[in-house]
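Working notes, structure below.
The values are calculated or read from the model by the stated rules, or taken from the named source; none is laboratory data. As the structure is a prediction and not an experimental result, all values here were calculated from the model. Backbone-built Cβ (ideal geometry, glycine too); neighbour counts: all protein chains shown. We work out accessible area using only protein heavy atoms, side chains counted, and drop any ligands, DNA or RNA first. Shrake-Rupley method; radii C 1.70, N 1.55, O 1.52, S 1.80 Å.
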Amino acid sequence: FYLSVRGSEGLYMVNGPPSFTESTAFQRDTGKNCKAVAFSKDGSLFAWCNGEKVNIVNVTSAELLRSFDLPKAVCLEFSPKNNVLATWQAYTTAKDGTAGVPNLQLHDVKTGKCLKSFIQKKMQNWCPCWADDESICARNVNNEVHFFENNNFNTIANKLHLQKVNDFVLSPGAQPTKVAVYVPGSKGAPSFVRLYQYPNFGGPQSALANKSFFKADKVTMLWNKKATAVLVIASTEVDKTGASYYGEQTLHYIATNGESAVVQLPKNGPIYDVVWSPNSVEFCAVYGFMPAKATVFNLKCDPVFDFGTGPRNAAYYSPHGHILVLAGFGNLRGQMEVWDVKNYKLISKPVASDSTYFAWCPDGEHIVTATCAPRLRVSNGYKIWHYTGSLLHNYEVPSNEEMWQVSWQPFLDGVFPAKAVKYQAVPSELPSAEPKPAQAYRPPALRNKPVTSSKLHEDEPPQNMKPQSGSSDKPLSKTALKNQRKHEAKKAAKQEAKADANQESTQSSASQSAPRSAVPAVTSGDPEVDKKIKNLKKKLKAIEQLKEQAAAGKQLEKNQLEKIQKETALLQELEDLELGL
């Protein structure tokens with residue numbers, strides 16, 4: 001299989017492990033103007049745009065299948081079954097202000113003819129979405145979702161019309177197709193996400209599930225592979241509390257059976273990443289102010305395993321779901337933690353510094369990390385690793401060149417069988433890429449003295465979060481959670497009171513020789529009497545303190561002097577109460 005590489009050195013294919021040589025079958029396109037590339041979902045076709053034409057080749061034979069005259073195309077995508085190639089170019093209006101020409105084109109891959117052109121002004125969400133079997137295709141037009149059936153783009157088969165659909169996602173997998181739609185709130189009304197089954201769009205009653213929430217300027221909706229649930233990351237642009245410049249995020253869970261919940265994250269701060277496990281019954285969230293926490297949750301939104309805290313802001317499950325990589329890229333140093341998900345054991349901790357891109361190879365064994373422009377203009381290149389931590393291949397572009405994109409050739413599920421997890425690092429020709437630990441700066445005055453380690457924060461260790469026994473199957477609603485917390489708080493308070501009482505009663509009564517104010521407490525059966533005794537002791541203790549202050553020469557207030565005068569009366573009262581036991 002191949003890795004495609006796009007940059008100022010042109011576009012070329014590299015053979016995957018173990019050889020890592022440039023493919024001789026695919027002719028390198030040496031132009032410096034390659035704007036976009038796309039593999040088909042099964043990896044059999046490859047398209048690219050070189051500033052003159054959009055070309056499609058068969059990946060195995062490298063035979064040119066189609067070529068389209070589209071010099072300005074900047075986005076490409078194949079439909080799931082390779083019947084359609086969608087291309088997009090920037091929208092331009094005519095000089096006289098009249099509407100421009102349609103800039104989103106759908107081409108029949110087999111015949112090469114243009115099936116339909118649309119005007120699509122924004123680059124964001126430019127591509128129509130297909131169901132996996134291509135029976136339906138949908139796109140958002142002026143806040144409503146238009147559905148086409150069997151790639152017939154001349155008739156709109158269905159419309160989903162809510163007040164203002166901002167975004168939608170089709171479910172993966174087999175029929176029936178489900179649709180998750182997001183409608184932003186306005187004028188004090190909450191935002192909501194609804195799940196529908198195509199084509200039942202008859203109104204709120206026909207929705208499979210509905211979740212409304214405040215605090216959402218934008219949302220990310222993530223379907224699991226089995227299309228039974230959606231995770232919604234709702235975020236605001238600005239955090240009103242001023243705690244974070246990332247804005248504020250919340251994580252919601254919505255299932256197609258109508259259940260929904262807010263996922264309770266035990267640490268405050270941004271949500272950096274949320275990913276579904278390919279098994280569809282667990283998901284991992286990376287969240288909280290640095291050092292960030294990472295936790296795996298089940299479908300009840302209960303934590304299953306907590307990875308503790310560390311420098312990380314991303315999570316990636318392997319294609320078979322048996323390995324999870326937690327990583328800190330971007331403004332972090334590129335540390336990766338590779339975990340065996342079944343046993344929750346750490347396999348390796350490689351470091352890929354300055355990485356801007358990470359991707360699992362479809363074989364579930366190898367990983368590519370890359371440093372690409374324009375995110376980073378220097379030391380561009382890519383590295384291929386084995387998950388056991390071995391660096392197998394490293395390519396750096398010459399200093400005057402740039403790399404813009406690398407991507408693995410995809411394969412359909414089941415092509416690569418899942419293998420047993422290894423812990424022993426696989427052999428490699430390359431030295432391991434362990435960066436030298438940077439020495440902390442020490443001011444001259446401290447340089448010859450022993451190093452005292454001072455940590456800004458203590459890292460939390462990983463821990464297994466076995467679900468509590470007897471917890472119900474449903475995710476708890478907000479009120480249920482509130483009540484549960486109240487109940488727990490009451491319980492804790494009761495136990496505390498009990499412990500206090502026991503402690504008081506077990507204090508030895510042999511300390512009679514101590515000053516009167518420290519008479520040991522023996523509880524009476526009557527809580528009222530106990531309360532009075534406790535209050536009297538409190539008052540006597542305060543008087544003792546005032547006496548000490550007076551002895552130290554402090555000028556006391558009038559009311560404080562009056563308090564001291566009451567001491568004998570209080571002692572008498574205390575004695576009476578205790579004798580009455």
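Mind checking which residues of region 340-364 are assigned to a loop (DSSP other than H, G, I, E, B), among the hydrophobic types (A, V, I, L, M, F, W, C) and farther than 27 Å from SER379 by Cα?
Taking region 340-364 and keeping what is assigned to a loop (DSSP other than H, G, I, E, B), we get 341-344, 349-350, 352-356, 361-364.
Checking the rest, the ones that are also among the hydrophobic types (A, V, I, L, M, F, W, C) come to 341, 352, 361.
Of everything in region 340-364, just one residue is assigned to a loop (DSSP other than H, G, I, E, B), among the hydrophobic types (A, V, I, L, M, F, W, C) and farther than 27 Å from SER379 by Cα, namely VAL341.
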Per the list (1) surrounded by fewer than 23 Cβ atoms within 10 Å (Cβ to Cβ); (2) more than 19 Å from ILE367 (Cα to Cα); (3) among the aliphatic types (A, V, I, L, M), residue check on VAL275 breaks on (2)
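I'd like to know if region 357-373 contains one or more residues that are in contact (Cβ under 8 Å) with a residue 12 or more places away in the chain and farther than 23 Å from PRO17 by Cα.
As a first pass, look at region 357-373 and keep what is in contact (Cβ under 8 Å) with a residue 12 or more places away in the chain: 357-373.
Going one step further and asking which of them are farther than 23 Å from PRO17 by Cα, we end up with 373.
Looking for residues that are in contact (Cβ under 8 Å) with a residue 12 or more places away in the chain and farther than 23 Å from PRO17 by Cα, one finds at least one in region 357-373, hence yes.
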Run down SER407, SER399 and say which single residue is closer than 20 Å to THR30 by Cα, part of a loop (DSSP other than H, G, I, E, B) and assigned by the TED database to the domain that holds TRP339. SER399
Test: ALA227 is in the same structural domain as TYR182 (by the TED database) and either out of contact with any Asp or Glu (no Cβ under 9 Å at 6 or more places or on another chain) or closer than 26 Å to GLY414 by Cα (or both): yes
What number of residues within region 145-161 satisfy the criterion of being over 22 Å from ILE254 (Cα atoms), open to solvent by less than 50 Å² (accessible area, probe 1.4 Å) and not in a loop (DSSP other than H, G, I, E, B)? 4
Note down all Cβ pairs under 6 Å where the first residue falls in region 205-230 and is touching a residue at least 12 places away in the same chain (Cβ under 8 Å), the second is open to solvent by 60 Å² or more (accessible area, probe 1.4 Å), and they're at least six residues apart or on different chains. ASP217/GLU237
Does any residue in region 6-33 that is among the acidic types (Asp, Glu) come within less than 7 Å, Cβ to Cβ, of a residue that is open to solvent by 30 Å² or more (accessible area, probe 1.4 Å) six or more places away or on a different chain, and which pairs are these? GLU9/GLU401; ASP29/ASN50
